[in-house]
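**Student:** Got a structure here, written out as structure tokens. Questions coming.
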Amino acid sequence: MLVSAKEMLQKAKAGHYAVGQFNINNLEWTKAILLTAEEQRSPVILGVSEGAGKYMCGYKTVAAMVKAMIEELKITVPVALHLDHGSYDGCYRCIEAGFSSVMFDGSHYPIAENVEKTRELVRVCGEKGISLEAEVGSIGGEEDGVVGMGECADPNECKMIADLGVTMLAAGIGNIHGKYPPNWPGLSFETLAAVSEKVGDMPLVLHGGTGIPSDMIKKAISLGVSKINVNTECQLSFAAATRAYIEAGKDQQGKGFDPRKLLAPGFEAIKATVKEKMELFGSVGKA
Ligand code: 13P
């Protein structure tokens with residue numbers, strides 16, 4: 001059964017660990033993440049970007065696949081199905097399709113409009129028991145064609161949005177999506193501490209979980225981060241394993257590659273990446 005991310009994140013915040021959000025792109029990624037969460041007895045959040053949702057034939061297909069997989073694989077750990085960087089309309093479509101969690105990325109709106117739209121979604125999500133993530137201060141890098149500058153959030157704006165009653169808050173602290181450039185100055189713990197102080201018990205979300213050094217991850221968790229998003233690292237490990245399999249020429253003389261065998265090394269690589277992250281985030285055994 002899918003659950004809202006609220007309880008798992010409140011527990012994580014109180015227990016000083018973080019729950020991983022791993023983005024899904026197809027059946028293999030979903031299966032790999034769910035099986036790893038079950039093996040590690042870890043709660044997990046499956047993230048779906050609007051682009052990935054479109055690729056997988058729409059949010060209804062995604063919700064149906066994930067719900068059926070949880071049943072067929074006998075997954076017993078808490079799983080939230082979450083829209084990642086959703087538009088205002090996208091949030092409503094996911095709520096209708098049966099997602100248990102949504103992110104409204106209103107960071108590109110003027111703060112007053114971000115507040116109004118978030119307020120309305122707090123009401124709708126509250127009625128349906130769905131968790132809601134809001135964002136303040138855009139997160140750098142590229143996500144589905146949208147390029148952010150990686151600014152640091154204003155702690156007062158964070159408080160304004162948190163006070164509306166969202167479940168969790170993504171505050172920009174110099175983090176960016178994708179690989180970090182060599183001259184990246186690191187996370188702004190000053191900003192994180194200031195935001196944390198303003199928002200109290202509210203679980204904070206760290207986007208761009210790929211490539212942040214382990215000591216920074218641990219410090220961020222100690223300062224109130226209880227959800228960490230990872231996508232690119234799964235892509236890199238999946239691609240490397242698939243490439244190695246193809247380059248090894250393991251096709252079936254004249255019949256091409258068996259699609260299930262072709263995707264198996266990538267599947268195992270994602271499992272290994274997810275396990276490593278769950279260990280780093282401290283969520284193993286917390287289901
Ligand atoms: P990475 O692709 O950098 O891991 O970031 C993922 C993310 O933040 C999704 O919202």
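The values are calculated or read from the model by the stated rules, or taken from the named source; none is laboratory data. The structure displayed is predicted, hence computed values, not measured ones. Methodologically, a virtual Cβ is constructed for each residue, glycine included, from the backbone with ideal geometry; neighbour enumeration extends over all protein chains shown. Just the protein is used for accessible areas: all its heavy atoms, side chains included, with ligands, DNA and RNA removed. Shrake-Rupley method; radii C 1.70, N 1.55, O 1.52, S 1.80 Å.
**Student:** Which of the residues that make up the stretch 79-109 are open to solvent by 10 Å² or more (accessible area, probe 1.4 Å), away from the ligand (no atom under 14 Å from the Cβ), part of a loop (DSSP other than H, G, I, E, B) and not small (Gly, Ala, Ser)?
**Tutor:** Listed by number, the residues that qualify are HIS108, TYR109.
**Student:** List every residue pair whose Cβ atoms lie under 6 Å apart, where the two residues are 6 or more positions apart in sequence or sit on different chains, the first residue falls within the stretch 216-245 and is under 15 Å from GLY178 (Cβ atoms), and the second residue, located anywhere, is part of a strand (DSSP E or B) and polar (S, T, N, Q).
**Tutor:** Within 6 Å, the pairs are ASN229/GLN21; ASN231/ASN23.
**Student:** When residues of the stretch 194-211 are filtered for being surrounded by fewer than 20 Cβ atoms within 10 Å (Cβ to Cβ) and either in contact with a Phe, Trp or Tyr (Cβ under 8 Å, 6 or more places away or on another chain) or more than 24 Å from ALA162 (Cβ to Cβ) (or both), how many remain?
**Tutor:** So the count comes out to 1.
**Student:** Starting from the stretch 22-34, take each residue that is closer than 22 Å to LEU280 by Cβ and list its partners that are within 13 Å of the ligand (Cβ to nearest atom) and among the hydroxyl-bearing types (Ser, Thr, Tyr), counting only C-beta distances under 7 angstrom and pairs at least six apart or across chains.
**Tutor:** So the pair list comes out as ASN23/SER49.
**Student:** Any idea which of (1) within 21 Å of VAL3 (Cα to Cα); (2) in a loop (DSSP other than H, G, I, E, B); (3) open to solvent by 60 Å² or more (accessible area, probe 1.4 Å) is the one ILE75 doesn't satisfy?
**Tutor:** It fails just one condition, (3).
**Student:** Still on this model: Would a scan of the stretch 241-261 turn up a residue that is part of a helix (DSSP H, G or I), of a type in the set (A, V, I, L, M) and within 16 Å of the ligand (Cβ to nearest atom)?
**Tutor:** In the first step, residues of the stretch 241-261 are kept if they are part of a helix (DSSP H, G or I); the result is 241-247, 259-261.
Those still in the list that are of a type in the set (A, V, I, L, M) too: 241, 244, 246.
Filter once more, keeping what is within 16 Å of the ligand (Cβ to nearest atom): none.
No, the stretch 241-261 contains no residue that is part of a helix (DSSP H, G or I), of a type in the set (A, V, I, L, M) and within 16 Å of the ligand (Cβ to nearest atom).
**Student:** Only residues that are in contact (Cβ under 8 Å) with a residue 24 or more places away in the chain and not in a helix (DSSP H, G or I): list them for the stretch 45-65, please.
**Tutor:** ILE45, LEU46, GLY47, VAL48, SER49, MET56, GLY58
**Student:** (1) open to solvent by less than 40 Å² (accessible area, probe 1.4 Å); (2) within 16 Å of the ligand (Cβ to nearest atom); (3) free of Cβ contacts under 8 Å to residues at least 60 places away in the same chain: which one isn't true of THR191, the others all being true?
**Tutor:** (2)
**Student:** What's the total number of residues in the stretch 1-35 that are out of contact with any strand residue (DSSP E or B) (no Cβ under 7 Å at 6 or more places or on another chain) and either assigned to a loop (DSSP other than H, G, I, E, B) or within 16 Å of the ligand (Cβ to nearest atom) (or both)?
**Tutor:** Count: 7.
**Student:** Within the stretch 26-55, which residues are farther than 17 Å from ILE75 by Cβ and surrounded by fewer than 20 Cβ atoms within 10 Å (Cβ to Cβ)?
**Tutor:** Passing the criteria: ASN26, GLY51, ALA52, LYS54, TYR55.
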